Amino acid sequence: MSRLLALITLFLPALALAQAEEPKYYVFEPSGAVSTLGIIYTLLMIGSFLYVGWLSKRRVASSDDYFTAGRSIGPLANGLAMSSNYMSLATFLGFTALLWKMQYYVVALVLSFTGGFVLISIALAPALRRWGKFTSMQFIGERFGRTAKVVAVICMIFLAQLYLIGQMKGVGNVFQVMFHWDYTTGLIVGGLVVTAYVTIGGMYGLSYNQTLQAIIMIIALYVPAVIILLKIGAGPASFFPPFGYADLVPQMNEVMASYFNPFLTVNGTVPMSFKFYFGVFFSIACGTMGLPHIAMRYFTAPSIRDAKMSTLWGTFFIGLVFFTTFAIGFAAKLYTVNELNAQGLQIQAKEADLLIVVMSQALTPGWIAAMPVAGALAAGFSTIGGLLMVIGSGLGSDIYETINPKAEDKSKVKMGYIFTALGGLATIGLALNPPDFLLTSVIWAFIVAASTFTPVLILGIWWKGANKPGAIAGLLVGGILSGILFFSKGKLGDFTLIDAGPIVHLVTGIFTMSAAWFTIVVVSLLTGGERNEKILREIDRIHGWQNYDPRRYSSNTFALVTAAFALALMIWSAIPDPTYAKKPEAPAAAAADTAAKAAADAAETVKATADTAADTAAKAAADTAETVKAAADTATEAATEAAADTAETVKAAADTATEAAADAAETVKAAADTAAEAATEAAADTAETVKAAADTATEAATEAAADTAETVKAAADTAAEAATEAAADTAETVKAAADTAAEAPAAEAPTTQPASGQQ
Amino acid sequence: MNNAERMHVAYKSQCRTTLIAFVVVTLMTHIFPMYFLFPELNKVTIFGFPADYWLTIVIGWLVLIPVFWIYIQISEKVDQEINDSSTGAADNAPGGNP
């Protein structure tokens, strides 16, 4: 048995490696009903978007209408538009995939997104809204000058492209998998549709379409989520999916103990440190604050209060969609572990991005299963539209205005059309070679935003000391550093700047944003701060003041303290985390390593189980042997005692017999002496005849007595010997029987050394 | 309280409200220090979920909404006071950052 276990222990890793060399992958194939209904839903949806875009075109009379929808979008509609603008295809499909891959850690990411969304409304939106322009770049241009605006527009194009590639890739994937188009065709058709309706309708069309898209997304996610949860046994709580899977938590803990562990990620293989969580704030929340297409929605609100109320609605809808996505991601993880992995099938990145559709097709009727297809495309279109609008306004308005300051309003609108369309076409071209996971490039877009726009906007609004050289230097440092680290994955040339393992980019965000912040403060102070009174007056005005006081928002102490803090964060983020000191390995080697580790773990488990079983058996045998031995010893002692008692009894009887014989001999001898004396006296009394008769009688009596005593003594000795021998034989027989009894169980437990040893 | 003092108070209120709201929202949506301070929360359940998981979502989403609504009300009052106190006031008036 132990050899068999040893063989299993030796060969399990090898078997697992052999298995890992030829993995079987799950391939999703949409059913006919899902594919057909998906096409119908998609065509209806695209038709609606284009119609809304065409209707909106009639309302566009000025650049203000084209870029800000005439600042007329109410809080509920704007909240819905904000949520659909923010929740992209990467969110709709990518979060499920990311949750499937990283589990608990995604909770931190999602809440950081939500937090960043609210932080814009607290720290930036009111002032930007009072400034009264269309984009963040325009604010930067008027606050820090034209050069800063050009740098900001370049940064915007870089991050918008990073963001858009992920979205375009998702659109292409959906068309490819659902409708069997090749990726390029799907990408071009999807990209052209969204480019068309955004270009035609401008911000009016975009706003109304984004509101419509938010409603489609919520229905397309919520309804399948309820049915999926009901089907996998989540019970009545399924009707509120964000918290609808509590009953399945124990089941998840059984199949994947690390799912709810905040200190592990990537299926329990990567430990989570405090620094990673800290990096989430700088990368995601601060990145959200800097995203120009998010900030742009605040320019469409009629008032600052409406802009804040839009955020409130947006927060609710964003949470509803995010946490419903969590429920589906949770169900997908259970499904893949219980159903697919049990069949020896693995999920690839492409299928992971489509898990919502996979789950819907597996567990819901066809007409519902096709809904997520429409929802995903709506999510993709809404975000692509928002970003194209930013590109169009950034180039069509901001750059064109810089080149041609006397441009008429009509020509600005015309340029908006042209650059929006060109931005869409350029993105389609870039998305032809996309990254693996949808969110990979999107998270880098957040990091670029956090390292460029966020510090410039916060300091530009809240610190009068920030000036043009500081802003330009900060934008360049943040943009160039995040760009280099994006391409080099944490390295500056041969020097490893950030060494933080598989999810290094989140820690990179701490470094790049802190570097930009530090640069803006230090360069601004070294160059004398802002001295243009017109700009300083504007800063008071965007905070709601009707008069000007140079002492407001001018604390250099505050700026220096934050700069010192930023410097400390830069150093801290660059210190290698011992947890992640190991260099990232090649994917194949990492997969083999993971398989070997899993096999070794399995072998250890089997061996541990076998050892435990062997220990238990040995312990039971030892206990049994000890019990038997104790019984045998007791029996031996009893038998020995009994034999000893018997021998003593026999010996006592023999002694008694000997004593009786001796007594009898003495009695006979006394009688003989008495007779001899009588005969002597008689002979002395009667002459020699009597004396002769007496001698004869004496001799005869003496001989007779002697014979009798010897006979009696010999008989007594014989009896005593016989009794002693019989007792000894009995004792030996009993002892032998006891030994035999003790040997028998001990022989059945050969591993029990004490039992055999004592024998 | 004269107009200059009103502006001074309004300025302080604006900075304080913004800073506190920023920190509170950041903490509510980045509750991860709780994992490191109270790791045993992972072993306790609330409504069937591990307590840290449940608290993270509820605080970062459902509790955030009323907290943000309260901030909107306060910030609107502060904005109104800024507007009222500074309307018609002369430039470089006392107040502002001491």
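The values are calculated or read from the model by the stated rules, or taken from the named source; none is laboratory data. This is a predicted model, so every value here is computed, not measured. Heads up, the Cβs are rebuilt from the backbone with ideal geometry, glycines too, and the neighbour counts pull from every protein chain shown.
Just a few scattered comments:
- Any hit, segment A:150-169, residues being assigned to a helix (DSSP H, G or I), at pLDDT 75 or above, within 16 Å of A:L377 (Cα to Cα) and small (G, A, S): no
- Every condition in (1) in contact (Cβ under 8 Å) with a residue 12 or more places away in the chain; (2) part of a helix (DSSP H, G or I); (3) of a type outside the set (V, I, T) is met by B:W54 except one, and the failing one is (1).
- Criterion applied to A:A77, A:A81 was being crowded, with 24+ Cβ neighbours inside 10 Å, away from chain B (no Cβ under 14 Å) and either over 26 Å from the mean Cα position of the chain (by Cα) or within 14 Å of A:G290 (Cβ to Cβ) (or both), and the one residue passing it is A:A81.
- Residue in segment A:96-127 that is farthest from A:M178 (Cα to Cα), counting only those that are among the aromatic types (F, W, Y) and within 14 Å of chain B (Cβ to nearest Cβ): A:F117
- Scanning segment A:148-194 for residues that are surrounded by fewer than 19 Cβ atoms within 10 Å (Cβ to Cβ) and within 17 Å of A:F92 (Cβ to Cβ) yields one hit, A:Q176.
- Qualifying residue in segment A:419-431 (condition: outside any helix (DSSP H, G or I) and at pLDDT below 95): yes
- Taken over segment A:360-408, the criterion of being of a type in the set (D, E, K, R) and farther than 18 Å from A:E142 by Cα is satisfied by A:E408 alone.
- Applying the criterion of being among the hydrophobic types (A, V, I, L, M, F, W, C) and within 7 Å of another protein chain (Cβ to nearest Cβ) to the residues of segment B:46-61, the residue that is nearest to the chain's Cα centre (by Cα) is B:W61.
- Residue check for B:I82: facing another protein chain (nearest Cβ under 7 Å), crowded, with 19+ Cβ neighbours inside 10 Å, touching a residue at least 60 places away in the same chain (Cβ under 8 Å) and not basic (K, R): yes
- Residues located in segment B:1-30, provided they are under 18 Å from A:W462 (Cβ atoms), without any contact (Cβ under 8 Å) to a residue 40 or more places away in the chain and within 9 Å of chain A (Cβ to nearest Cβ): B:C15, B:F22, B:T26
- In segment A:314-409, counting only helices (runs of 4 or more DSSP H) that sit wholly within it, the ones holding 3 or more residues that are surrounded by 24 or more Cβ atoms within 10 Å (Cβ to Cβ) span A:355-363, A:371-393.
- All of A:I228, A:I215 fail the test of being assigned to a helix (DSSP H, G or I) and closer than 22 Å to A:W100 by Cα, apart from A:I228.
- Residue within segment A:256-273 that is in contact (Cβ under 8 Å) with a residue 12 or more places away in the chain, under 22 Å from A:S83 (Cα atoms) and outside any loop (DSSP other than H, G, I, E, B) present: no
- Check on B:L64, assigned to a helix (DSSP H, G or I) and more than 7 Å from chain A (Cβ to nearest Cβ): no
- Of all residues in segment B:25-51, those satisfying the criterion of being part of a loop (DSSP other than H, G, I, E, B) and within 19 Å of A:S112 (Cα to Cα) are B:H30, B:I31, B:F32.
- Taking (1) facing chain A (nearest Cβ under 7 Å); (2) crowded, with 16+ Cβ neighbours inside 10 Å; (3) assigned to a helix (DSSP H, G or I) in turn, B:A89 satisfies each apart from (3).
- Among residues of segment B:31-45 being facing another protein chain (nearest Cβ under 9 Å) and among the β-branched types (V, I, T), the one that is surrounded by the fewest Cβ atoms within 10 Å (Cβ to Cβ) is B:T45.
- Segment A:128-169, subset farther than 14 Å from A:V448 by Cβ and hydroxyl-bearing (S, T, Y), residue nearest to the other protein chains (Cβ to nearest Cβ): A:T135
- Any chance B:E76 is more than 10 Å from chain A (Cβ to nearest Cβ) and either part of a helix (DSSP H, G or I) or not acidic (D, E) (or both): no
- Flag if A:M272 is within 30 Å of A:E339 (Cα to Cα), of a type in the set (A, V, I, L, M, F, W, C) and within 11 Å of chain B (Cβ to nearest Cβ): yes
- Residue match in segment A:282-291 (condition: without any contact (Cβ under 8 Å) to a residue 12 or more places away in the chain and either within 30 Å of A:Y51 (Cβ to Cβ) or not in a strand (DSSP E or B) (or both)): no
- Single residue of A:A352, A:A342, A:A301, A:A379 found to be within 14 Å of chain B (Cβ to nearest Cβ) and modelled with pLDDT under 85: A:A301
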